[in-house]
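One structure is given below, encoded as structure tokens.
The values are calculated or read from the model by the stated rules, or taken from the named source; none is laboratory data. These numbers were taken from a predicted model, which means no experiment stands behind them. Please note: Cβ atoms are built from the backbone with ideal geometry, for glycine as well, and neighbour counts cover all protein chains shown. With ligands, DNA and RNA removed, areas are computed over all heavy atoms of the protein, side chains included. Shrake-Rupley method; radii C 1.70, N 1.55, O 1.52, S 1.80 Å.
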Amino acid sequence: MLSIKMFCYKVFQFTILLLHLTDVNCQFTFSALSLQPQTSSVGSNATATCNVTYTGNTAITLTWQIDSVAVQQYRINNAQVPVLGAQLASGFDTSPSTTTSTVNTGDTFPMSLEIRNVSLTINQSTISLGCSAPGCNTQAPLQIGVCQPSTASGVSATVSSSPCGFGCTVLYSCASGYTGNDVTATCQGNATFNAIPTCTSSSRSKPLSDGAIAGIVIGCLIVVALIIFFLIPIFCAEICCCTFKILCLSWGTKEYTAGRS
Ligand SMILES: *[C@@H]1O[C@H](CO)[C@@H](O)[C@H](O)[C@H]1NC(C)=O
Ligand SMILES: *[C@@H]1O[C@H](CO)[C@@H](O)[C@H](O)[C@H]1NC(C)=O
Ligand SMILES: *[C@@H]1O[C@H](CO)[C@@H](O)[C@H](O)[C@H]1NC(C)=O
Ligand SMILES: *[C@@H]1O[C@H](CO)[C@@H](O)[C@H](O)[C@H]1NC(C)=O
Ligand SMILES: *[C@@H]1O[C@H](CO)[C@@H](O)[C@H](O)[C@H]1NC(C)=O
């Protein structure tokens, strides 16, 4: 009676709810969002890319976000070319791109977002692409870095700016006691330098191996032994004898002469 009427009403409500749910369902599948370069230097551009498959058949909006700030939007509809929405006031300098061809249900197309002049304040921010339905989303953390000048021993560095971001240069020279060429290195978009300095210690330019050191020590010992046990006795005897002979002779001659006179 009343309960049957109520039951029918509940079924009707449930059907409406289901229809509503399918309406806000995610109409996309996404590949994992990838960032190029993996780590971007301060002041350079980072680009996020994703392959999107359109599984729906009605119009739906895809939004690029940096943390919870919407930066760009596209309207995707069956059998139409994606339409870029008006630039959102986000405070970020971004440039989106996607296919310029018609998208049909089941098609996969690439979407990308270039974020220009990145700063350290958005290091580890989440960049995402998705629609408003639950789970309709792919995301990745933005990684912002700075170039770290070499701190190797013997290297002295003069940095053009600190922190050292995109385009920053470091003039490397070698400290005294080290040899190597002066090098100018520039910080690239992926937070690495395009050159590294090599300064080698000039006082020990050819380090000796243990074997060579042992050989030299043994050689020295042999030479010292030869001098002590062989050369000195011989030469000393000769020298002593000689000196003695000279002295002896001159003395003897004198004696002799003296004796004669
Ligand atoms: C970033 O993009 C802008 C516009 O495309 C370009 O002029 C600039 O040179 C780019 N910067 C870097 C570091 O690639
Ligand atoms: C998108 O698909 C293309 C072609 O299959 C592939 O080369 C590219 O790596 C994909 N990009 C991403 C971010 O998955
Ligand atoms: C990049 O951003 C910094 C502040 O983060 C700003 O001072 C600089 O002028 C910007 N450079 C460009 C080319 O927009
Ligand atoms: C960016 O964040 C990561 C993770 O927290 C951190 O390791 C890195 O040092 C940060 N980059 C800079 C330049 O501070
Ligand atoms: C950084 O970028 C430079 C120039 O584009 C490239 O030669 C180098 O291999 C990159 N380094 C890393 C670690 O990706």
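Here are a few things to note about the model shown:
- Summarising the amide proton neighbourhood of Q143: residues at separation of 5 or more, or on other chains, whose placed amide H is nearer than 5 Å comprise S40, Q124.
- Computed log10 I(q)/I(0) for the stretch 46-186 at 0.11, 0.12, 0.17, 0.22 Å⁻¹: -0.56, -0.61, -0.91, -1.29, from the Debye equation with unit scatterers placed on every C-alpha and solvent omitted.
- Compared with the direct C-alpha span, the chain from D67 to M6 gains 17.4 nm at full extension, assuming 0.36 nm per residue.
- For the stretch 155-201, the square roots a ≥ b ≥ c of the C-alpha gyration tensor eigenvalues yield an a/c of 1.5 or more together with a/b exceeding b/c, which makes the shape prolate.
- Overall dimensions of the stretch 115-193 as given by Cα atoms, namely Rg and Dmax in Å: 18.6, 66
- Residues of the stretch 23-141: accessible area per residue with a 1.4 Å probe, Å²: 47
- Reduced Cα scattering model of the stretch 89-129, Debye log10 I(q)/I(0), q = 0.30 Å⁻¹: -1.19
- As a fraction of the 1.4 Å probe accessible area of the stretch 23-141, surface on carbon and sulfur atoms comes out at 46 percent.
- The stretch 72-145: radius of gyration over Cα atoms, expressed as a fraction of 2.2 N^0.38 Å: 1.24
- Per-pair calculated FRET efficiency, R0 = 35 Å: A157 and S34 via Cβ, rounded to 0.05: 0.60
- T102 paired with S132, simple spin-label distance in nm, labels 7 Å along Cα-to-beta-carbon: 2.9
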